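Trainee: Take a look at this one; I'll ask things after.
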Amino acid sequence: MKNIFFTTGLIIGLLIGSKNTSAQYYFFDGEYYDNPILYEAGISVNAMNCLTDMGGKKGIGTKFLKDLNIGKTHISGGVFFSAAYKNAVALRLEGTFGQISGNDNVLVGVTDIAKERFNRNLNFRSYIIDVTAMLELHPMYIFIDWPAKETTPPRTSPYIVGGIGYFSFNPQTKQGNRYIDLQPLSTEGQGFAEYPERKVYKLNQINIPLGAGVKYEVSPLINARAEVVYRTTFTDYLDDLSTTYIDPALFDKYFGVGSQKAINARALYDQQLEKHGGINGRRGNPKNTDGYFTVCLKLSVIIGRERIRR
């Protein structure tokens, strides 16, 4: 993973280093001209949400937007730097910082099959730190040679973006007035010999971001963007919830009888309002991994577009 970001950083570094040797690309307008390589440095304000096993909408829990609960959207922020070649292809490094959460109590009053999730009575929050290396593709510049047309290019450019990311998360649940970290409690027997297929999940993992956006040139030196990026993960434990309940006696076995860790695990692994299912009863759905996404508004400064000297 480190090699991926090192390589991306090296490429961007080489692009930056080439600025002084690059030739004029074309006149942007009557006041500025573009070099072949332009840079952007900017910030973003985002709405962040997630799709996990927890909460959701009425009916059977399904993939993607049908199970999205808008009320669990959180404001997040980010910073980014990109290097673009002839406005057509760009490499971007971006950091995003935010929070995701879920709560089964959003299903209060539901009388269909989703009542099982309400009865499960679990909740979580997790802070997210996300670093991504992404490639932007701008079709209107890839397929149209604007300098050859000798006309002003459009100020609006739709694009697609994708790449690879590295993120950290730490699911917590609220108990009274405090939040407790869930991963160390092995609430589904992760790391226990009785469940060899349930490994302790790592709190730092890879994701695959994919999205689309539109860039608008506010001025020769300022860009604004609107963008949506969904991040596919390789874990089902963003919410510490995936599969079945376990025998609570195992918490005493592995954490020590009467230890605070065992007490917390017993109290938090099963909080059903009406107990049913027992050991190996369904707790979550292991068939689908979790994911999260951002809806972003970005503002950036263009570097490399130079004023014409008269």
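The values are calculated or read from the model by the stated rules, or taken from the named source; none is laboratory data. Keep in mind that this is a model prediction, so the values were computed, not measured. Because the Cβ atoms are built from the backbone with ideal geometry, glycine has one as well, and the counts that use them run over all protein chains shown.
Trainee: Consider residue 289 carefully, then state whether it is at pLDDT 95 or above, in a loop (DSSP other than H, G, I, E, B), within 20 Å of the chain's Cα centre (by Cα) and surrounded by 15 or more Cβ atoms within 10 Å (Cβ to Cβ).
Mentor: Working: at pLDDT 95 or above: no; in a loop (DSSP other than H, G, I, E, B): yes; within 20 Å of the chain's Cα centre (by Cα): yes; surrounded by 15 or more Cβ atoms within 10 Å (Cβ to Cβ): yes.
No: the conditions fail for residue 289.
Trainee: Moving on to the next point. In region 234-278, how many are aliphatic (A, V, I, L, M), touching a strand residue (DSSP E or B) at 6+ places or on another chain (Cβ under 9 Å) and under 16 Å from residue 116 (Cα atoms)?
Mentor: As a first pass, look at region 234-278 and keep what is aliphatic (A, V, I, L, M): 238, 241, 246, 249-250, 257, 262-263, 265, 267-268, 273.
With the extra rule that they be touching a strand residue (DSSP E or B) at 6+ places or on another chain (Cβ under 9 Å), the set shrinks to 238, 241, 267-268.
Now drop any that are not under 16 Å from residue 116 (Cα atoms), which leaves 241.
Total meeting the criteria: 1.
Trainee: Here is a further query. Determine the pairs where a residue that is under 25 Å from residue 48 (Cα atoms), located within region 96-115, has a partner that is part of a loop (DSSP other than H, G, I, E, B) and among the β-branched types (Val, Ile, Thr) with Cβ atoms under 6 Å apart, the partner being 6 or more residues away or on another chain.
Mentor: 102/52
Trainee: Restricting attention to region 89-127, which residues are assigned to a loop (DSSP other than H, G, I, E, B) and closer than 18 Å to residue 70 by Cβ?
Mentor: The answer is 108, 109, 110, 114.
Trainee: Next question, about the same structure. Of all residues being small (Gly, Ala, Ser) and over 15 Å from residue 242 (Cβ atoms) in region 176-208, which is surrounded by the fewest Cβ atoms within 10 Å (Cβ to Cβ)? Just the residue, please.
Mentor: Taking region 176-208 as the starting set, the residues that turn out to be small (Gly, Ala, Ser) are 176, 186, 189, 191, 193.
Now restrict to residues that are over 15 Å from residue 242 (Cβ atoms): 176, 193.
Values: 176: 6, 193: 9.
In this case the residue turns out to be 176.
Trainee: I need a count of the residues in region 234-258 that are closer than 13 Å to residue 184 by Cα, crowded, with 21+ Cβ neighbours inside 10 Å and hydrophobic (A, V, I, L, M, F, W, C).
Mentor: In the first step, residues of region 234-258 are kept if they are closer than 13 Å to residue 184 by Cα; the result is 237, 240, 251, 254-255.
Still in the list and also crowded, with 21+ Cβ neighbours inside 10 Å: 237, 240, 251.
Cutting the leftovers down to hydrophobic (A, V, I, L, M, F, W, C) gives us 251.
Of the residues in region 234-258, 1 are closer than 13 Å to residue 184 by Cα, crowded, with 21+ Cβ neighbours inside 10 Å and hydrophobic (A, V, I, L, M, F, W, C).
Trainee: Determine which single condition residue 104 fails, assuming it passes every other condition in (1) of a type in the set (Asp, Glu); (2) under 19 Å from residue 209 (Cα atoms); (3) more than 16 Å from the chain's Cα centre (by Cα).
Mentor: (2)
Trainee: Taking residue 303 as the residue in question, decide whether it is within 20 Å of residue 155 (Cα to Cα) and touching a Phe, Trp or Tyr at 6+ places or on another chain (Cβ under 6 Å).
Mentor: Yes, satisfied.
Trainee: If you don't mind, there's one more thing I want to ask. Using the structure shown, decide if residue 55 is farther than 29 Å from residue 148 by Cα, buried (at least 19 other Cβ atoms within 10 Å of the Cβ) and at pLDDT 90 or above. Let's see the steps before the verdict.
Mentor: Details: farther than 29 Å from residue 148 by Cα: yes; buried (at least 19 other Cβ atoms within 10 Å of the Cβ): yes; at pLDDT 90 or above: no.
No; evaluated as a whole, the condition is false for this residue.
Trainee: When you check residue 69 against the structure, is it in contact with a strand residue (DSSP E or B) (Cβ under 9 Å, 6 or more places away or on another chain), surrounded by 14 or more Cβ atoms within 10 Å (Cβ to Cβ) and on the phi > 0 side of the Ramachandran plot, yes or no? Quick ask: steps written out before the conclusion?
Mentor: Numbers: in contact with a strand residue (DSSP E or B) (Cβ under 9 Å, 6 or more places away or on another chain): yes; surrounded by 14 or more Cβ atoms within 10 Å (Cβ to Cβ): yes; on the phi > 0 side of the Ramachandran plot: no.
Here the answer is no, as residue 69 does not meet what is asked.
Residue-by-condition table, conditions (1) touching a Gly at 6+ places or on another chain (Cβ under 6 Å); (2) modelled with pLDDT under 95; (3) hydrophobic (A, V, I, L, M, F, W, C):
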{"site": "141", "(1), (2), (3)": "no, yes, no"}
{"site": "167", "(1), (2), (3)": "no, no, yes"}
{"site": "186", "(1), (2), (3)": "no, no, no"}
{"site": "199", "(1), (2), (3)": "no, no, no"}
{"site": "208", "(1), (2), (3)": "no, no, yes"}
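Trainee: Here's something else I'd like to know. From (1) in contact (Cβ under 8 Å) with a residue 24 or more places away in the chain; (2) out of contact with any Leu (no Cβ under 8 Å at 6 or more places or on another chain); (3) under 25 Å from residue 298 (Cα atoms), pick out the condition that doesn't hold for residue 82.
Mentor: Of the numbered conditions (1) in contact (Cβ under 8 Å) with a residue 24 or more places away in the chain; (2) out of contact with any Leu (no Cβ under 8 Å at 6 or more places or on another chain); (3) under 25 Å from residue 298 (Cα atoms), the odd one out for residue 82 is (2).
Trainee: Among residues belonging to region 259-286 that are surrounded by 12 or more Cβ atoms within 10 Å (Cβ to Cβ) and among the polar types (S, T, N, Q), point out the one that is nearest to residue 84 (Cα to Cα).
Mentor: By that ranking, first place goes to 285.
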